[in-house]
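The values are calculated or read from the model by the stated rules, or taken from the named source; none is laboratory data. Quick caveat: nothing in here was measured; it's all calculated off a predicted structure. Cβ coordinates were reconstructed from backbone atoms using ideal geometry, including for glycine residues, and neighbour counts include every protein chain displayed.
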Amino acid sequence: MSKYCSGRFVYPDYTKDEDAFINCLIEKVEQLKPKMLLPTHDESVVIMRHRDKFPEGLIIPYGKEELLLTLANKAESTLLAEKAGVPIPQVYSSADEVDKYPVVFKAVIGNSAKDVYFPTSKEELLKLIDRYKDESTLIEEWIGGSDYSVDCVRWDGFCKTSVYHALVTKTDGGGTTTQREIVNMPQLEIEARKLLDYVDFHGVCGLDFRYDPDNDRIAYIETNARFTGGLATPIAAGFDIPWVLYKLSTEGKYEEPIAVKEGTRTKWILGDVITLVGRILSLKWNPKELKRIFTFSHFDAYDDFFNDDKKAIIGEFYYYFEKLVKNGKLNP
């Protein structure tokens with residue numbers, strides 16, 4: 001419904017029929033003849049798996065499938081981070097090793113905090129281990145503090161990063177952010193670059209960290225080797241990541257000045273609505289967080305509302321409502 005949308009089509013679900021998804025994209029590429037195909041989420045892995053089926057001249061600014069898969073795997077990327085010298089939480093191989101609760105239990109593949117739990121006892125942890133016995137999982141030490149994300153574009157010698165602090169997250173305990181603030185955290189940028197240099201990353205990504213100010217401790221959480229959900233924040237702060245990536249991948253350089261404005265705040269309106277409903281249903285009240293949800297002042301931009309493009313948010317609300325009715329989930 002956005003006024004900037006020049007056309008649309010519905011593609012098959014790549015998680016259910018990968019070949020149909022790829023064939024649909026190839027057909028549209030042949031029909032529309034775009035200069036670039038720009039995946040924005042986890043479909044990038046599937047597209048790069050079939051890169052040779054697309055026209056050679058079509059620009060798809062992502063790295064090889066193998067690295068994307070490795071970084072998407074939380075256990076493997078954590079091991080890579082440790083090898084790169086990035087601080088990580090303590091990793092447990094079994095419930096018997098855990099000596100302090102809560103801990104973090106999560107499936108190694110997933111996004112938006114899906115299949116992430118914070119068991120507070122050995123009994124809870126063992127139940128989760130049994131429930132996910134047929135899947136690859138990860139058990140980690142719980143790190144206090146809050147979430148930070150480092151957005152990055154790294155391309156043939158060019159590397160630019162910015163950091164935002166999660167003020168509100170859609171799901172309890174972390175995950176997708178609904179309110180963020182650009183902060184000056186050079187140590188996080190240094191740690192992010194350690195990992196990206198170690199794997200020679202090429203493209204756009206976001207690295208999630210926890211920072212505990214009480215203990216002055218940084219810990220790596222995961223890498224999203226794609227555009228992040230908080231993309232609106234660096235853009236509003238002066239780091240237009242999609243444009244930078246486009247220029248680099250089409251011209252091989254980006255020479256315009258980039259000055260990221262510290263203190264820039266953005267808000268995802270629908271995300272805050274979902275957060276509010278989720279907190280009510282789970283009976284997990286946090287007065288400070290709820291106050292933030294009902295606040296609309298002191299934001300430099302919104303993820304999903306623009307004065308010159310008001311219909312876009314209507315389409316977004318409809319999409320999420322449809323998913324709620326179909327799947328019965330607030331976190332589709």
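Quick notes on this structure:
- If you filter the stretch 95-135 down to residues that are under 20 Å from the mean Cα position of the chain (by Cα) and more than 16 Å from Asp208 (Cβ to Cβ), you find that the one that is surrounded by the most Cβ atoms within 10 Å (Cβ to Cβ) is Phe105.
- Of the listed requirements (1) of a type in the set (Gly, Ala, Ser); (2) in contact (Cβ under 8 Å) with a residue 40 or more places away in the chain; (3) within 30 Å of Asp156 (Cβ to Cβ), Ala259 misses just one: (2).
- Residues that are farther than 23 Å from Val244 by Cα, touching a residue at least 12 places away in the same chain (Cβ under 8 Å) and either in contact with a His (Cβ under 7 Å, 6 or more places away or on another chain) or among the acidic types (Asp, Glu) (or both) do not occur anywhere in the stretch 190-210.
- Here Tyr14 meets the list (1) among the hydroxyl-bearing types (Ser, Thr, Tyr); (2) touching a residue at least 60 places away in the same chain (Cβ under 8 Å); (3) surrounded by 15 or more Cβ atoms within 10 Å (Cβ to Cβ) almost entirely, failing just condition (2).
- Every listed requirement among (1) without any contact (Cβ under 8 Å) to a residue 40 or more places away in the chain; (2) part of a helix (DSSP H, G or I); (3) within 26 Å of Asn215 (Cα to Cα) is met by Glu76 save one, (3).
- The stretch 221-235: number of residues that are of a type outside the set (S, T, N, Q), buried (at least 23 other Cβ atoms within 10 Å of the Cβ) and farther than 19 Å from Ala72 by Cβ: 1
- Number of the exception - Val91 against (1) surrounded by fewer than 16 Cβ atoms within 10 Å (Cβ to Cβ); (2) at pLDDT 95 or above; (3) under 15 Å from Gly206 (Cα atoms): (3)
- Criterion (surrounded by fewer than 21 Cβ atoms within 10 Å (Cβ to Cβ), modelled with pLDDT of 95 or more, among the hydrophobic types (A, V, I, L, M, F, W, C) and outside any strand (DSSP E or B)) met by exactly one of Ile218, Ile190: Ile190
- Residue match in the stretch 77-85 (condition: surrounded by 15 or more Cβ atoms within 10 Å (Cβ to Cβ), out of contact with any strand residue (DSSP E or B) (no Cβ under 7 Å at 6 or more places or on another chain) and at pLDDT below 95): no
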